[in-house]
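Only one structure is covered here, and it is reproduced in the block below.
The values are calculated or read from the model by the stated rules, or taken from the named source; none is laboratory data. Just so we're clear, the structure is a prediction, and the values are computed from it rather than from any experiment. Note that we place each Cβ from the backbone using ideal geometry, even for glycine, and neighbour counts take in every protein chain shown. Surface accessibility is based on the protein's heavy atoms, side chains included, excluding ligands, DNA and RNA. Shrake-Rupley method; radii C 1.70, N 1.55, O 1.52, S 1.80 Å.
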Amino acid sequence: MNLNIPTKAVREALKKFPTPFHLYDEAQIRENARRFKKAFSILPGFKEFFAVKGLPNPYILKILKEEGFGTDCSSLPELILSEKVGIRGENIMFSSNDTPAKEYVKAKELGSIINLDDISHIEFLEKNAGLPDLISFRYNPGPARKGNVIIGDPKEAKYGLTRKQLIEAYKICKQKGVTRFGLHTMVVSNELKEEYFIETAKMLFELAVEINKEIGIKLEFVNLGGGIGIPYKPEERPVSYEKIAKGIQKLYQSLIEKNNLAPLKIFMECGRVITGPYGWLVTKVIHMKHTYKDYVGVDANMANLMRPAMYGAYHHITVLGKEDKKPIHVYDVTGSLCENNDKFAIDRKLPVIEIGDLMLIHNTGAHGHAMGFNYNGKLRSSEILLRENGSLQLIRRAETVEDYFATLDFNKLK
Ligand SMILES: *Cc1c(COP(=O)(O)O)cnc(C)c1O
């Protein structure tokens, strides 16, 4: 787990901004992005399209653009965010499902790579936006692959085309005059085993060979999806980018080069592993409660970080200034939402906690703030960026009660 906490900046931020807030570290995001890019640069035409849903903030997207990443979008606002930071054309991968027509119109207008989730979307896209020259399809291997806990079993997953549909879909597109083709899949999420990603590459490379044999199409790229996990627990280790890249490179030689299918570009659309470890939710203890259990009540709640409540996910907690104190007391750490699953930690051993203590909830740099919602009148927090020069920038202010009421017109009550 990333234990490199920018403690000084957190203390500085606490003087300037009310809790709770998410703080992201630009230097660590850039360093990781460079290591990621370098490791995978051994693969032909490699490109990473950052999954915007993980951290949809334009200041973060701008940093990643500067590091050479594109974006992976699946909604109209995500497309617009990309556009606002100057990411367009084939630097955008549009991987959506159950897609509304106007999203296809925008994706086409931006010249993005359109990745279709179903065979019926060929006609839908043609009717609503017209067919581009480059089309990609999302493959669902069904019983041929096992997913993992977060994403579930592929044959129960709503995503993608079956193998039979995939072949048919390429044929249809070819007949309709599409000239360039891609292939995509995403079968795991938050996965720490490198072999999974190598296996995914193997599956797609073999499919690329079969597609070429059956219909004479030479794919331009395969997109291995996202899903590289991060160590949420202190004892867990990060994946080795090099190990994944080298495993894929070997298969590229034996399957793609040997079958004269090179050049075939390799794409990925990771979110979590790019920014996840470099964000912290900073929150203050406002209540202590002792009933059948001992509760620590903080000023953040599941609207600021939903993963523990939604998946029972572990997020490590550091108590600022008590890093060296022994974790000798067992607590549930809760938020204020009227749902009993609004707990950041259950039966967690922590140092003895007092009202006013400041807690850092780790690994909130992806799928943290982004998953927020307003149920129970809860407001989303601010986002703060620790810049490389050590300054702190408010990159999203906290929501206010006025924001919450913005879609209501109280005047009509009279
Ligand atoms: C969520 C998602 C991603 C990113 O997943 P991470 O686990 O954040 O890497 C990539 N592609 C698609 C289609 C997704 O839905």
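Table for the structure above
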| item | result |
| --- | --- |
| Simple Cβ-charge dipole of the chain, Lys/Arg +1 and Asp/Glu -1, about Cα centre, in debye nearest 20 | 380 |
| Rounded accessible area per residue of region 339-402, 1.4 Å, Å² | 45 |
| Distance violations [Cα-Cα > 30 Å] among 243/326; 65/284; 37/322; 15/289; 47/158; 108/258 | 243/326; 65/284; 37/322; 108/258 |
| Helical contribution to [θ] at 222 nm, DSSP H n ≥ 4, -39,500 (n - 2.57), averaged over the chain, rounded to 500 | -8500 deg cm²/dmol |
| Residue among 413, 274, 361 farthest towards the positive dipole end of the chain, charges placed on Cβ | 274 |
| Under 9 Å, Cβ to Cβ, from residue 185 - net charge with Lys/Arg +1 and Asp/Glu -1 | +2 |
| Residue-level accessible surface for residue 354, protein heavy atoms, 1.4 Å, Å² | 100 |
| Computed over the chain: relative contact order in percent, which uses C-alpha pairs under 8 Å that are six or more apart | 19 |
| Inter-centroid distance (Cα atoms) of region 119-148 relative to region 179-203, Å | 16 |
| Solvent exposure of region 41-270 as accessible area per residue, Å², 1.4 Å probe | 43 |
| Nitroxide proxy distance, nm - points 7 Å out along Cα→Cβ at residue 412 and residue 289 | 3.7 |
| Under 20 Å from residue 155, Cα to Cα: lysines that are on another chain or at least 8 residues apart | 146, 164, 202 |
| Exposure of residue 53 as accessible area (Å², to 10), given a probe of 1.4 Å and all protein chains | 120 |
| Relative contact order of region 277-405, defined on C-alpha pairs under 8 angstrom at six or more residues apart (%) | 29 |
| Whole-percent carbon and sulfur share, accessible surface of the chain, 1.4 Å | 52 |
| For the chain, the spread of Cα positions along each principal axis, largest first, Å | 68, 60, 44 |
| Per-residue HN-Hα couplings for region 398-414 [Karplus 6.51, -1.76, 1.60; θ = phi - 60°; Hz; x = Gly/Pro] | 6, 5, 10, 4, 4, 4, 4, 8, 4, 9, 10, 10, 5, 5, 6, 5, 6 |
| Gained length - residue 328 relative to residue 349, 0.36 nm times residue gap less alpha-carbon distance | 7.0 nm |
| Rounded to 5, the percent of DSSP beta bridges in the chain classed as antiparallel | 40 |
| Inter-centroid distance (Cα atoms) of region 68-91 relative to region 359-383, Å | 22 |
| Antiparallel bridge percentage (DSSP; both residues within region 277-405; nearest 5) | 90 |
| Heavy-atom accessible area order for 387, 145, largest first, 1.4 Å probe | 387, 145 |
| Listed peptides 229-239, 165-175 by packing density, highest first (mean Cβ within 10 Å) | 165-175, 229-239 |
